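The values are calculated or read from the model by the stated rules, or taken from the named source; none is laboratory data. All values derive from a computational prediction rather than experimental measurement. When we count neighbours, we look across all protein chains shown, and the Cβ atoms used for this are built from the backbone with ideal geometry, even at glycine. Accessible surface is based on the protein model in full, side chains and every heavy atom, while ligands, DNA and RNA are left aside. Shrake-Rupley method; radii C 1.70, N 1.55, O 1.52, S 1.80 Å.
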Amino acid sequence: MYLEIVSPEATLFSGEVTSVAVPGVNGDFEMLNNHAPIVSLLKEGVVKISGNIELSEAVQDKFTKGEKDTTLLKINSGTIEMKDNKIIVLAD
């Protein structure tokens, strides 16, 4: 599935991933391939991205490496939409 993470300053990441876990306002949840369409608000927490992620040098300082093939991004708030295996995260 395709993930795009956009902040007010720039597009932080766009590419193929295997899963994305986010801090929803009603609790954390994870999306895998062929997940049902969803729109949700995000609260402060960590976006966990699984897959072989390649980051540009300009944004590497915003991400940290987690276990195995997991990449982490700390956010203050945001919105997420998933539809047709494309996830868009508007993160603050």
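Tabulated results
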item: Odd one out for residue 91 among (1) open to solvent by 60 Å² or more (accessible area, probe 1.4 Å); (2) of a type outside the set (S, T, N, Q); (3) within 11 Å of the chain's Cα centre (by Cα); result: (1)
item: Pairs where the first residue, in segment 32-53, is closer than 14 Å to residue 1 by Cβ and the second is at pLDDT 95 or above and loosely packed, with under 11 Cβ neighbours inside 10 Å, C-beta under 9 Å, 6+ apart; result: 37/84
item: Answer residue from segment 7-20, given it is open to solvent by 40 Å² or more (accessible area, probe 1.4 Å) and either of a type in the set (Ser, Thr, Tyr) or within 18 Å of residue 92 (Cβ to Cβ) (or both) and is nearest to the chain's Cα centre (by Cα) among those; result: 14
item: Residues of segment 63-92 classified as under 16 Å from residue 4 (Cα atoms) and modelled with pLDDT under 95, total; result: 1
